[in-house]
1. Tally the residues that are within 23 Å of residue 16 (Cα to Cα) and not in a helix (DSSP H, G or I), restricting the search to region 99-137.
2. Is at least one residue of region 147-156 free of Cβ contacts under 8 Å to residues at least 60 places away in the same chain and surrounded by 22 or more Cβ atoms within 10 Å (Cβ to Cβ)?
3. Quick check: anything in region 188-199 assigned to a helix (DSSP H, G or I) and either without any contact (Cβ under 8 Å) to a residue 60 or more places away in the chain or touching a helix residue (DSSP H, G or I) at 6+ places or on another chain (Cβ under 9 Å) (or both)?
4. What is the residue count in region 136-166 for residues that are touching a strand residue (DSSP E or B) at 6+ places or on another chain (Cβ under 9 Å) and at pLDDT 95 or above?
5. What is the number of the single condition among (1) part of a helix (DSSP H, G or I); (2) over 14 Å from residue 9 (Cβ atoms) that residue 96 does not meet?
6. Of all residues in region 70-102, which are within 17 Å of residue 125 (Cβ to Cβ), free of Cβ contacts under 8 Å to residues at least 60 places away in the same chain and in contact with a helix residue (DSSP H, G or I) (Cβ under 8 Å, 6 or more places away or on another chain)?
7. Within region 7-29, count every residue that is assigned to a loop (DSSP other than H, G, I, E, B) and either modelled with pLDDT under 80 or surrounded by fewer than 20 Cβ atoms within 10 Å (Cβ to Cβ) (or both).
8. Here is a list of conditions, (1) within 26 Å of residue 7 (Cβ to Cβ); (2) in contact with a strand residue (DSSP E or B) (Cβ under 6 Å, 6 or more places away or on another chain), and residue 133 meets all of them except one; can you say which number that is?
């Protein structure tokens, strides 16, 4: 790693938006350190996957602390320029049906909030010193489901993304005082392998651009927020949804 190379850490690198984001930053010459529950999947699109991957189970606070300490060891005093909190879970019932606020078990609520809300702030707090050294930025991936009832996203997921939006504002205020910007992106319907069956038929009529987005378009927005072009953007939530929110 050269002294001029920038470093980012991304959670949820195993598919979709995570894969596209890793590739976008890697292609731009960044050192990309990924984090997911297991090992690097075989289809990962960057050459340093094995050596720049940390296995962390975000459902476990103790695992997050261990993983953050491992990352600090790997940085060895070097700055961290970006933390992208992309990992998120949206459980379904055993038969694949959306879990609403009546049917979602309490333990599922706890798990969803741990992964989708608590893990992002735990990681950012643990890494604030290298982020400050790098005049870095944090990008939290929220969702259009955080601002409206969604036909496929469950109640716990939607509520957690709304909480993450509020948390982004709080972090922007707190971290901003140390020179670290915190923003969010709120994707709408993105073409990934985790789309629910029937999504296109149900959702396309409500999207003014008339199509679903791509993982690459989301990754490009994340890349913008992590670079000097966005140096005065702090506490924002960018809608990446083709106008679905209007």
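The values are calculated or read from the model by the stated rules, or taken from the named source; none is laboratory data. Treat the numbers as computed from the prediction; the structure is a model and nothing was measured. Quick reminder, even Gly has a Cβ in these numbers, built from the backbone with ideal geometry, and neighbours come from all protein chains shown.
1. The initial filter retains those residues of region 99-137 that are within 23 Å of residue 16 (Cα to Cα), namely 99, 111-121, 123-124, 137.
Still in the running and not in a helix (DSSP H, G or I): 99, 137.
Result for region 99-137: 2.
2. No: region 147-156 contains no residue that is free of Cβ contacts under 8 Å to residues at least 60 places away in the same chain and surrounded by 22 or more Cβ atoms within 10 Å (Cβ to Cβ).
3. Yes.
4. Final tally of qualifying residues: 10.
5. (1)
6. 72
7. Step one: filter region 7-29 for residues assigned to a loop (DSSP other than H, G, I, E, B), giving 12-15, 28-29.
Cutting the leftovers down to either modelled with pLDDT under 80 or surrounded by fewer than 20 Cβ atoms within 10 Å (Cβ to Cβ) (or both) gives us 14-15, 28-29.
Going through region 7-29 one residue at a time, the tally reaches 4.
8. Status for residue 133: all satisfied but (2).
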